[in-house]
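Q: If you scroll down you'll find the structure; I have some questions about it.
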């Protein structure tokens, strides 16, 4: 299973884009990169995933570097409700091995 | 996405007793997972529970302590046996998505052992 490195915490102003980085330099060729978030006292929520190409959905965009050793989750217009712990998780088996994640604090 | 419910939502138990946590899904799913989240920590995978086969446990977790049942494609239980205060955690179940390996999580069961 690939190891991940994420900054422990980040701040973002409400209405601005939040860019959350993740290093996964040991990712294998067939592992997807999944992003989840956990709002306080709730179960984790799936956000987005990708293999090689950049991906976008209604929640976020995912930028994966060409060498696949890192990725960035982009919340284009952060709101106070986006305050949460964000996890990037490489996987190709369905099993999710969570790291410590990034605590994103969106401030008014 | 699937709608997942867990029972109980929280419980306070005495050491040495056991608690069975139920996970119900609103659609048939092949893959179900159980996680533990200790206070202030990230999630740790306990086991994978696929219908029709024995659960597969991760390193550090054993069947005698965390027996799992998966009687059909919409339901699973996790039992926390012979509890100690160190078992105080949030226990979460999750299910695999239909199209790929994304997972959807239940709301969790908050367990306190005294």
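Q: Return the average number of partner chain Cβ atoms within 10 angstrom of each residue Cβ along peptide A:34-46.
A: Working: counts 4, 1, 5, 0, 6, 0, 0, 4, 5, 15, 11, 3, 7.
Average neighbour count from other chains, rounded to a whole number: 5.
Q: Please compute P(r) over all alpha-carbon pairs of chain A, binned at 5 Å starting from zero, and give each bin as a whole-number percent.
A: In order of increasing distance, the bins hold 2, 13, 25, 26, 19, 9, 4, 1, 0 percent.
Q: Next question. Mind checking the full-extension length gain between residue A:103 and residue A:81? Use 0.36 nm per residue of separation minus the Cα-Cα distance, one decimal, nm. Display every interim value, and only then the final one.
A: On the way: separation 22, 0.36 × 22 = 7.92 nm, distance 1.29 nm.
Separation in residues times 0.36 nm, less the Cα-Cα distance, equals 6.6 nm.
Q: Right, here's the next one. Antiparallel as a % of all DSSP beta bridges within chain B, to the nearest 5? Before the final figure, lay out each step's value.
A: On the way: 34 of 38 bridges.
Close to 90 percent.
Q: Another question, if that's okay. Just counting partner chain Cβ atoms within 10 Å, what average do the residues of peptide B:40-51 show around their Cβ?
A: Values: counts 0, 2, 9, 12, 2, 4, 0, 1, 3, 0, 1, 0.
Whole-number average of other-chain Cβ neighbours for B:40-51 is 3.
Q: If packing is taken as the average number of other Cβ atoms within 10 Å across a peptide's residues, how do A:96-102, A:13-19 rank, most packed first? Please list the in-between numbers first.
A: Working: A:96-102: 19.9, A:13-19: 14.4.
The densest-packed peptide leads the list: A:96-102, A:13-19.
Q: May I pose another question? For A:37, A:81, which order do you get if you count the other beta carbons within 10 Å of each Cβ and list the fewest first? Could you put the intermediate results ahead of the total?
A: Details: A:37 23, A:81 9.
Going from sparsest to densest Cβ surroundings: A:81, A:37.
Q: If you average the C-alpha positions of the stretch B:30-54 and of the stretch B:65-107 separately, how far apart do those two centres end up, in angstrom?
A: 5 Å
Q: Now a separate question. Taking the beta-carbon count within 10 Å as an exposure proxy, list A:106, B:3 from fewest neighbours to most.
A: Details: A:106 20, B:3 11.
Arranged by neighbour count, lowest to highest, A:106, B:3 become B:3, A:106.
Q: Same structure, new question: Modelling each spin label as a point 7 Å along the Cα-to-Cβ direction, I'd like the residue B:3/residue B:65 distance in nm, to one decimal.
A: Reported label-point gap for residue B:3 and residue B:65 is 3.6 nm.
Q: Can you tell me which of B:78-85, B:54-61, A:87-94 comes out highest on packing, and rank the rest after it, using the mean Cβ neighbours within 10 Å? Show your work: numbers first, answer last.
A: Numbers: B:78-85: 16.2, B:54-61: 13.5, A:87-94: 20.8.
Taking the mean over residues of other Cβ atoms within 10 Å, the ranking is A:87-94, B:78-85, B:54-61.
Q: Just counting partner chain Cβ atoms within 10 Å, what average do the residues of peptide B:106-112 show around their Cβ?
A: 2
Q: For B:90, A:27, B:63, which order do you get if you count the other beta carbons within 10 Å of each Cβ and list the fewest first? Mind showing how you got there, number by number?
A: Numbers: B:90 19, A:27 23, B:63 13.
Taking fewest neighbouring Cβ atoms as first place, the list is B:63, B:90, A:27.
Q: Further question: What translational diffusion coefficient, in µm²/s and rounded to a whole number, does the Stokes-Einstein relation yield for the stretch B:1-97 at 10 °C and a viscosity of 1.306 mPa s, taking the hydrodynamic radius as the Kirkwood radius over Cα pairs? Could you put the intermediate results ahead of the total?
A: Values: Rh = 13.6 Å.
The diffusion coefficient I find is 117 µm²/s.
Q: Need the C-alpha centroid separation for the stretch B:1-20 versus the stretch A:1-28, integer Å.
A: Computed from Cα coordinates, the inter-centre distance equals 32 Å.
Q: Using R₀ = 35 Å, calculate the FRET efficiency as 1/(1 + (r/R₀)^6) where r is the Cβ-Cβ separation of residue B:58 and residue A:58; round to 0.05.
A: Efficiency computed from Cβ-Cβ geometry: 0.60.
Q: Hey, could you pull the Cα Rg and Dmax for the protein assembly as shown, both in Å?
A: Looking at the protein assembly as shown, its Cα Rg and Dmax stand at 17.6, 53 Å.
Where a number appears in this text, it was derived from the coordinates with a stated rule and is not lab data. Computed from a predicted model, the values in this text were never measured in an experiment. Every residue, glycine among them, receives a Cβ derived from its backbone with ideal geometry; neighbour counts consider all protein chains shown.
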